[in-house]
Amino acid sequence: MSKGEVKEVDVSYTNVETNDHVLDIVQEEEEEEDLVQSIREKMENTSSFHRINRVPDEPKKKSEHSYSPKLVSIGPLHHGVDNLKDAEEHKWCYLNTLVSRKPINTETILENCVQTLRSLEDKARKCYGENTNEHIGSNEFVQMMLLDSGFLIELFIKFAIKGFRRRDDMFFSDSEMFFRLRCDLILMENQIPFFVLHQVFHLVPIPKECTTYSLIQLALLFFRKLIPGEGVVSTARYSPDIHHLLDLIHHCYLPTSLQIHSNGTQKHMHNVLHLRHVLGIKFKKAISESVMNIRLTKNKVLEIPTLKLHRYSEVLFKNMVAMEQCGGRKHVASYVYLMKSLVRSAEDASYLTEREILDSSLYNDEKIYQLMEELNVKLDVKDFYYSGLCEKANGYKKKNVWKEWRQKISSVYKKTVKGISC
């Protein structure tokens, strides 16, 4: 080959091979992206699927007032209901106060909130046990989520810092109105996903007086009267997987200790009087981090943490039980079932009150018994958390009551005769 002549090289095969390799890489990346997207969608669907539902008709017919909001609607299930429209103006006022704390950035804050909620719309809709697309369009849904989130966040701020309340505020100036509001916010049908609240909380200006609080801390502060114990709960026990505000309160009741191993065959528990007089079981107030940490000692002592009963008790327990019926473990339903079993008369209630196991300045013994009767629970034995406890209690032999009675009479008689002879 002469100098300067360019050698021709056949690169056709090499190019084809290179192109095929590039195509393989692109295809693999696309398949990987599709797989990641599929996994993410399945995770989101599973984690948020049907967490907010309507209460079944049967319990609702018996106690409509315990499940339907009377003052404020939160979320889509009661959105636009006529008797709840009066509070809408106040919700708008709360949202305006919240986003206008930095007036220069109000429009930017709103834009960021709308964009974020728009991206969460599909995930949020999947949290409900019915198709919300049928009656609420996209813009209305996003607006509703922003309005309800802003209202709740500002409500928590006003509760935490009294200086932010107006004297003419309808929610804080009337104690009965505040009671109705708090009741509405613990209803299963009246919830929005907690991740929506969380996102908005980090987009709106929070006053410096509240910057030391997390959203969970503000919410727990607002609901502290509904929380067992002293209303002081460590947020360390909460995972990011809080579904909504009722679920947050529900976490405060969950047990922190393991129950007795069970064969899952019993859910029958005798009432207090029977356990005391027939089986010889004693009762003692327990000090525990959960109201549901109930145990039966080797010395036949049933240790039960104090349960405070208040105006919210009926509504709260009914809605927590209803929430559990939609899926998950039946901890609260089991607890309510057990307490109903123990308290089957005013006398049972009186004894537990004397032992400080039941605590109520609002209800007398008869009212406590009636309250327990109102808490209807249907529970399969396989779901009963205290099955092992019942098995252990029922395993004790019955006392020979007549024999004990004769022994007591004989003892009294001997002492009497001895006293006369002296």
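Rule-based calculations on the coordinates, nothing more; no lab input. Predicted model, so just to flag it, every value in this text is computed and none were measured. Cβ atoms come from the backbone with ideal geometry, glycine included; neighbour counts cover every protein chain shown.
Data table
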| read-out | value |
| --- | --- |
| Computed magnitude of the charge dipole of the range 272-394 (debye, nearest 20; Cβ of K, R +1, Cβ of D, E -1) | 420 |
| Placed amide H near TYR385: partners under 5 Å, 5+ positions off or other chain | SER334 |
| Over 21 Å (Cα to Cα) - which of LYS70/LYS162; LYS298/LYS392; LYS267/LYS330; LYS158/LYS225; LYS298/LYS378; LYS60/LYS123 fall in this group | LYS70/LYS162; LYS298/LYS378; LYS60/LYS123 |
| Contact order normalised by residue count of the range 272-394, Cα under 8 Å, 6+ apart, percent | 28 |
| Hz values of 3J(HN,Hα) by residue in the range 244-256 - Karplus curve (6.51, -1.76, 1.60), Gly and Pro given as x | 6, 5, 5, 5, 4, 5, 4, 4, 5, 9, 5, x, 10 |
| Set of aspartates and glutamates with alpha-carbon distance to LYS282 below 14 Å, sequence-local pairs under 8 removed | GLU303, ASP348, GLU354, GLU356 |
| Options HIS310, VAL343, VAL321, ranked by Cα towards positive dipole end of the range 305-348, top entry (Cβ charges) | VAL321 |
| Under 5 Å, built H, 5+ apart or other chain: amide partners of PHE283 | LEU302 |
| Computed lengthening from TRP92 to HIS274, 0.36 nm per intervening residue step minus Cα-Cα distance | 59.9 nm |
| Theoretical FRET efficiency, 1/(1+(r/R0)^6), r = Cβ-Cβ of THR256 and HIS135, R0 30 Å, to 0.05 | 0.10 |
| Distance in nm between pseudo-label sites at ASP380 and GLN143 (7 Å out along the Cβ direction from Cα) | 4.5 |
| Likely footprinting exposure, ASP174, ASP383, ASP168, fewest C-beta neighbours within 10 Å first | ASP168, ASP174, ASP383 |
| For the range 264-297 and the range 128-162, distance of Cα centres in Å | 43 |
| Evaluated at q = 0.10, 0.19, 0.22, 0.23 Å⁻¹: base-10 log I(q)/I(0), Debye formula over Cα of the range 272-394 | -0.29, -1.13, -1.49, -1.60 |
| The range 270-325, relative contact order in percent, only Cα pairs under 8 angstrom and at least six apart counted | 26 |
| Sequence-distant residues sharing a close amide H with ARG295 (under 5 Å, placed H) | GLU303 |
| In the range 241-327, GluC sites (Glu not before Pro) in a DSSP loop with at most 16 other beta-carbon atoms within 10 Å | GLU289 |
| Net lengthening on full extension, ALA160/SER345 (0.36 nm per residue, minus Cα-Cα) | 62.6 nm |
| Chain lengthening between GLN37 and ASP24 when straightened (0.36 nm per residue, less Cα-Cα) | 2.7 nm |
| The range 92-226, dipole about Cα centre (Lys/Arg Cβ +1, Asp/Glu Cβ -1), debye to the nearest 20 | 660 |
| Derived scalar couplings ³J(HN,Hα) [the range 376-387; Karplus, 6.51 cos²θ - 1.76 cosθ + 1.60; whole Hz; x for Gly, Pro] | 7, 9, 9, 8, 6, 4, 5, 9, 7, 5, 9, 4 |
